[in-house]
Amino acid sequence: MKWNPFMAILFAILTGISPVKAQTTVKGHVVNERGDGVEYVSIGIEEDDGENRSSDGEDQSASVGVISDAQGHFTLTIPAGRKEELTFTHVSYQTATIPYTTYADGHELTVTLKDKVIELAEVVVSKKNKPHTLSGKSWIRTSTAGFEGDCKGEIEWGPIFKNRKDYLLTDIVVAIDKCEYEECLLSFNCYEIRDKKFVNVLNKPIYQRVTPADNGKQLSVSPAESVVLKCKKKYCVTISVVDIKGKGRLSFPANFKSSYARHKVKGKMRKIPGCPMIIVKGYEVE
């Protein structure tokens, strides 16, 4: 089976490769208010859409970023000339920012994220209702695509869809074509797209561990909270690899349905005519 090189090309486009000059290396630990390490936090400097070039003509607008590990530790290399604040984001916590003057000397940081105040809405679903397929109802496999190498947490990818009614999100199903890593951890997310911006509708992360034993299988995950997808709103359900053991790649059956591929740290996204075969299910809300 031939590997689709699309994601490798897209990764290069979204990441941006630039010459290495004098840099600042920032190391640190992200914790919550109880002192526990916070896993897979997106850390970086957001992209600047305006003109911002150094005296030698180098583009200073490109964003930089990294993902913390399972214990909340991180190392981030910042190009010379960048003096913006660092942004720390995680689905379960309030976004935190650290000014340049705090990290400029390169000493190790401890960054504390504050808990979100979560208000769960009351949802009524009829017992007579059957689960509806909200996206992926008529998938026709055309190729394979996915992630390869050390792309932990950076690129997320998934289908775009709208609903004719309000639905309670119950299941996200993805087919695994082939996992060559010893083990990898998938992260699932759900966004409402507002004016080309991704607004997270989850308050708790969704993870699924994948090994070669899952090759050829369909894996299903469910949110640990009540998430209502509103009528006529545009949504995108994404998958990304946030942790890996070993080397290799992870591929999914794919087709030509429109989707978004997005750099989680930098915010850059591309609408593309290809998509992993993700099925989204839910119950109609009364």
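Please treat every number below as a calculation from the coordinates, not as lab data. Not measured: the values here are computed from a predicted model.
Taking amide H as placed 1.01 Å from N in the peptide plane, Glu183 has its amide H under 5 Å from the amide H of Lys245, each at least 5 places away in sequence or on another chain. Checked against a 20 Å cut-off, the cross-linked pairs Lys196/Lys232; Lys128/Lys217; Lys152/Lys264; Lys137/Lys264; Lys137/Lys204; Lys217/Lys268 give Cα-Cα distances beyond that limit for Lys128/Lys217; Lys137/Lys264; Lys137/Lys204; Lys217/Lys268. For segment 128-286, averaging the sequence separation of C-alpha pairs within contact (under 8 Å, six or more residues apart) and dividing by the residue count gives a relative contact order of 43 percent. Just so you know, the Rg over Rh for segment 190-286 is 0.95, from Cα atoms, with Rh as the Kirkwood radius. Each semi-axis of the equivalent ellipsoid for segment 125-262 is √(5λ) with λ an eigenvalue of the Cα gyration tensor; in descending order they amount to 26, 16, 15 Å.
Scaled to the globular estimate 2.2 N^0.38 Å, the Cα spread of segment 206-261, given as radius of gyration, is 1.41. Entry note, segment 149-243: relative contact order of 50 percent, from Cα contacts under 8 Å with a spacing of 6+ residues.
Pairs of alpha carbons in segment 130-195 separated by more than 13 Å make up 75% of all such pairs.
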